[in-house]
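Working notes, structure below.
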Amino acid sequence: MPRRQSKKIKSLWNEYPDYTPINNVDEKPLFDETIVGDEHRVLGQIIRENWYLIHPLARDYMLSSASEWRKLLTETGLIQSNLETKQKSLAGFQDDFDKKTQRLLIEKNAEFERIKEETAESFKETIEQKDHEIANLKLLVDSVDETSISRSNLETDLSEKDRKISELESVIGELKDKCRQQEVEAMNIQTGISKNFQQQINNITKELYEKQEQIDKLREILNKAKEQLIILKGRSESSSGSKDELESKVIALERLLEERDEKLRKIVNTIESLE
């Protein structure tokens, strides 16, 4: 009876009996045991103890893998080192940036406070100047109360009042332009300007507008007085010196002046209440 052949087991030894390694398979792979886990450390020890029992192809693959992993580990170390260096540099930049930002903030706050004080002082001086001019205007208007003043002097006074009012209107216009300019500058320097300071500016601007309205009322009264004077003058010339009619005109003028005085007193009370 012929002998039965046993089935040949398929293995690397049978498939690659004459394999030519790429690496030196006589050298055992080196591992950094400090960076691997306990299980891998045990496997590495077993592999090294049975190194020569392993097929050359498997040994070649493990040597190649170990080499590639060492390269990756080296690159990872370099990347980690560069990252740490950049983080330190970034921390330095951040610290420098924070210091510069803090310094700029302090300087900006100081500049804002300076401009706020200058603006408030400028408003104060302008209001005082306007109060003084209005007081002078009131004195000038009160001078019309003297019944002994002649028509020619009254015309001169009215012209002087017109000139004063025109000057005040010019000053108010310049002040409004200055207020707008200073508001724009303050907003450019400090976007987050405080509501309290903004309210102060609004209150001062409102006060300026109110004083402008007072001046307009004064001018309206003076214009009415001038018109009445012209009417009285024309009537006086047409009546060729009628005493009774002249006295009637004088009485009417005095009544008009009394009404104007009452209005002026109300305006003065309003101005004093603002002060």
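The values are calculated or read from the model by the stated rules, or taken from the named source; none is laboratory data. It should be emphasised that the depicted structure is a prediction, and the values quoted were computed from it without experimental measurement. Cβ: placed from backbone, ideal geometry, glycine included. Neighbour counts: every protein chain shown.
Taking the conditions exactly as written (surrounded by 10 or more Cβ atoms within 10 Å (Cβ to Cβ) and in contact with a Pro (Cβ under 7 Å, 6 or more places away or on another chain)), does Leu30 satisfy them or not?
For Leu30, the condition - surrounded by 10 or more Cβ atoms within 10 Å (Cβ to Cβ) and in contact with a Pro (Cβ under 7 Å, 6 or more places away or on another chain) - is not met.
Quick one: which of Leu83, Leu53, Leu72 is more than 31 Å from the chain's Cα centre (by Cα) and at pLDDT below 90?
Just one listed residue meets the conditions, Leu72.
Out of segment 25-66, which residues are closer than 25 Å to Asn14 by Cα and touching a Phe, Trp or Tyr at 6+ places or on another chain (Cβ under 8 Å)?
Lys28, His55, Pro56, Leu57, Arg59, Asp60
Has segment 172-192 got any residue that is part of a helix (DSSP H, G or I), modelled with pLDDT under 75 and more than 26 Å from the chain's Cα centre (by Cα)?
yes
Cβ-Cβ under 6 Å, sequence separation 6+ or interchain: first residue in segment 80-102 and at positive phi and loosely packed, with under 10 Cβ neighbours inside 10 Å, partner at pLDDT 90 or above and part of a helix (DSSP H, G or I). Which pairs?
Close Cβ pairs (under 6 Å, with a partner that is at pLDDT 90 or above and part of a helix (DSSP H, G or I)) do not exist here.
Can you say whether Arg219 is loosely packed, with under 12 Cβ neighbours inside 10 Å, over 27 Å from the mean Cα position of the chain (by Cα) and modelled with pLDDT of 70 or more, as far as the supplied structure shows?
For Arg219, the condition - loosely packed, with under 12 Cβ neighbours inside 10 Å, over 27 Å from the mean Cα position of the chain (by Cα) and modelled with pLDDT of 70 or more - is not met.
Looking only at segment 33-67, count how many residues are more than 25 Å from Asp18 (Cα to Cα), surrounded by 10 or more Cβ atoms within 10 Å (Cβ to Cβ) and charged (D, E, K, R).
2
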